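Trainee: Take a look at this one; I'll ask things after.
Rule-based calculations on the coordinates, nothing more; no lab input. Quantities reported herein were computed from a predicted structural model and do not represent experimental measurements. Because the Cβ atoms are built from the backbone with ideal geometry, glycine has one as well, and the counts that use them run over all protein chains shown.
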Amino acid sequence: MSVATTALSQYRAQLRSNRLGLWLFFVSEAFLFAGLLITRFYLWGGTRPDLDQQLGLIITSILLLSSFFMYVAEVAAEHEKRKTFLISLIMTAILGTAFLVGVVVFEWGGQIRPWDGAYGAVLYGMTGMHALHVATGIVFILIVWYNGRKGRYTSKRHWGVEACAIYWHYVDVVWVFFYPAIYLIGTVPP
Amino acid sequence: MNDKKRAAYRMGVIVFLILAVLTAVEFYLASISGTVAGLFILALIKAALIIRYFMHVNRLWADGSRE
C-alpha cells in the first residue's frame with residue numbers, strides 16, 4: 001500500500017468521525033430550536049402577531065434558493081468544477097445576506113419590539129437565534145470560499161465544503177419549522 | 001463522471017422545485033385557514049427532503065469509499 005493510499009484511507013476514517021461529530025452537534029442544537037418552538041406554542045397558542053406575510057414568503061424563498069446554490073457548490077467541489085463552486089458559494093452568501101436583511105432590517109423594523117410582551121419576546125428570540133446561525137453560516141461560507149480560491153479542496157478531500165454545506169442546510173431545516181410557526185399558524189387577534 | 005455530475009445537478013433541481021411547491025402550498029393552506037397538523041406535516045416532508053438529499057444523512061453510515 002502506497003503512502004498516498006494509506007493517507008487517503010486515514011482521511012476516510014477521519015471523515016466518518018467528523019460527520020458523526022457534526023450530526024451530534026446538530027442534535028444538541030435541535031434541543032435549543034425545539035425549545036424556542038415549544039415556547040412559541042405555549043405563549044402564543046392559537047394566535048400570532050400581525051406580520052408581513054409577503055415578507056415571510058420572500059425570505060423563506062430566498063433561504064430555500066440559497067440552499068439550492070449551496071448544493072450546487074458541493075456537487076461542483078466533488079467534481080472539481082472550481083468556477084461553478086466559487087460562484088455558487090458567493091451566490092449562497094449573497095442570498096443568506098439578503099435573508100438576514102429581510103429579518104433584521106424589514107421584520108425587526110416593523111411595529112413589534114422585543115419588549116412587546118409574549119409576541120415581541122418570542123418573535124425576537126426565534127428570529128434572533130436563527131439569524132445568528134445564518135450570520136455564522138455566512139462567515140463559514142466565506143472561509144470555505146477563500147480556501148477554495150487557494151485551491152485547498154480536491155474531489156477526494158473537501159470535508160470543509162461538506163461541513164459548510166450541511167451546516168447551511170441545517171439552518172434551512174430550522175427555518176422550515178420556524179416559518180409556519182411564526183407566520184402561518186394561528187390567527188391575528190383583533 | 002459527467003453523467004454522475006449531471007444526475008446530481010438534476011436531483012438538486014428536482015428537490016428544490018418540490019420544496020418551492022410545498023412552500024407555496026403551505027402559504028395557500030394558511031391563507032384558507034389550514035390546520036396546524038397539515039402545516040406541520042408539510043414542514044416535516046420539507047425537512048425530510050433536505051436532510052435526505054441536501055444534507056446526505058445516509059453518508060453517516062456509508063463506509064467512505066465513495067469519497
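Trainee: How large is ³J(HN,Hα), in whole Hz, for each residue of the range A:107-120 in order, when computed from phi with the Karplus curve 6.51 cos²θ - 1.76 cosθ + 1.60 and θ = phi - 60°, using x for Gly and Pro?
Mentor: Karplus values, whole Hz, x for Gly and Pro: 5, 6, x, x, 7, 7, 10, x, 8, 7, x, 5, 4, x.
Trainee: May I ask you to list the residues of the range A:27-71 whose amide nitrogen lies under 12 Å from a point 7 Å from Cα along the Cα→beta-carbon direction of B:F40?
Mentor: A:38, A:41-42
Trainee: Further question on the same structure: Taking only Cα atoms, what is the 0 to 90° angle, nearest 10, from helix B:2-31's long axis to the longest principal axis of chain B?
Mentor: Its long axis makes an angle of about 10 degrees.
Trainee: Right, here's the next one. Given H placed on each backbone N at 1.01 Å, which residues far from A:T47 in sequence or on other chains put an amide H within less than 5 Å of it?
Mentor: Under 5 Å from the amide H of A:T47: A:T187.
Trainee: Just round it to a whole percent: the fraction of Cα-Cα distances in the range A:1-100 exceeding 24 Å. Don't skip to the end; give the middle numbers.
Mentor: Working: 2636 of 4950 pairs.
Of all Cα-Cα pairs in the range A:1-100, 53 percent lie more than 24 Å apart.
Trainee: For chain A, what is the convex hull volume of the alpha-carbon atoms per residue, in Å³?
Mentor: Considering the Cα atoms of chain A, their hull volume per residue is 105 Å³.
Trainee: Per residue of A:97-107, how many C-beta atoms from partner chains lie within 10 Å of its own C-beta, taken as a mean?
Mentor: Working: counts 0, 0, 0, 0, 0, 0, 0, 0, 0, 0, 0.
Taking the mean over all residues of the peptide, I get 0.
Trainee: Return, for the Cα atoms of the range A:72-169, the radius of gyration and Dmax in Å, separated by a comma.
Mentor: Values for the range A:72-169 (Cα only, Rg and Dmax): 16.6, 52 Å.
Trainee: If you don't mind, another one. Compute the angle between helix A:53-78 and the longest alpha-carbon principal axis of chain A, please, reported from 0 to 90 degrees and rounded to the nearest 10.
Mentor: It works out to around 10 degrees.
Trainee: Let me ask something else about it. Take the range A:136-190, compute every pairwise Cα distance, and split them into 10 Å bins from 0; I just need the percent in each bin.
Mentor: Going out from 0 Å in 10 Å bins, the range A:136-190 shows 22, 34, 20, 14, 8, 3 percent.
Trainee: Taking a threshold of 25 Å on the Cα-Cα distance, which of the pairs A:K83/B:K5; A:K156/B:K46; A:K81/B:K46 fall above it? Please list the in-between numbers first.
Mentor: On the way: A:K83/B:K5 15 Å; A:K156/B:K46 30 Å; A:K81/B:K46 28 Å.
Distance filter (> 25 Å) returns A:K156/B:K46; A:K81/B:K46.
Trainee: Spelling out what I want: for every residue of the range B:47-62, take phi, set θ = phi - 60°, compute 6.51 cos²θ - 1.76 cosθ + 1.60 (Karplus), and round to whole Hz; glycine and proline get x.
Mentor: Along the range B:47-62, the couplings run 4, 4, 4, 5, 5, 6, 9, 8, 8, 6, 4, 5, 5, 4, 10, 7 Hz.
Trainee: Taking 8 Å as the Cα distance limit and 6 or more residues as the minimum spacing, I'd like the relative contact order of the range A:59-144 as a percentage.
Mentor: Values: 70 pairs, mean separation 26.0, N = 86.
30 percent.
Trainee: Give me a comma-separated list of calculated 3J(HN,Hα) values for the range A:164-177, in order, Karplus coefficients 6.51, -1.76, 1.60 applied at θ = phi - 60°, integers in Hz, x for any Gly or Pro.
Mentor: Running phi through 6.51 cos²θ - 1.76 cosθ + 1.60 with θ = phi - 60° gives 4, 5, 4, 4, 5, 5, 5, 4, 5, 4, 4, 5, 4, 8 Hz.
Trainee: Normalised by the number of residues in chain A, what is the relative contact order in percent for Cα pairs under 8 Å and 6+ residues apart?
Mentor: On the way: 167 pairs, mean separation 63.1, N = 190.
Relative contact order comes out at 33 percent.
Trainee: Hey, what angle do you get for helix A:3-44 against the long axis of chain A, alpha-carbon based, 0 to 90 degrees rounded to 10?
Mentor: Approximately 0 degrees, to the nearest 10.
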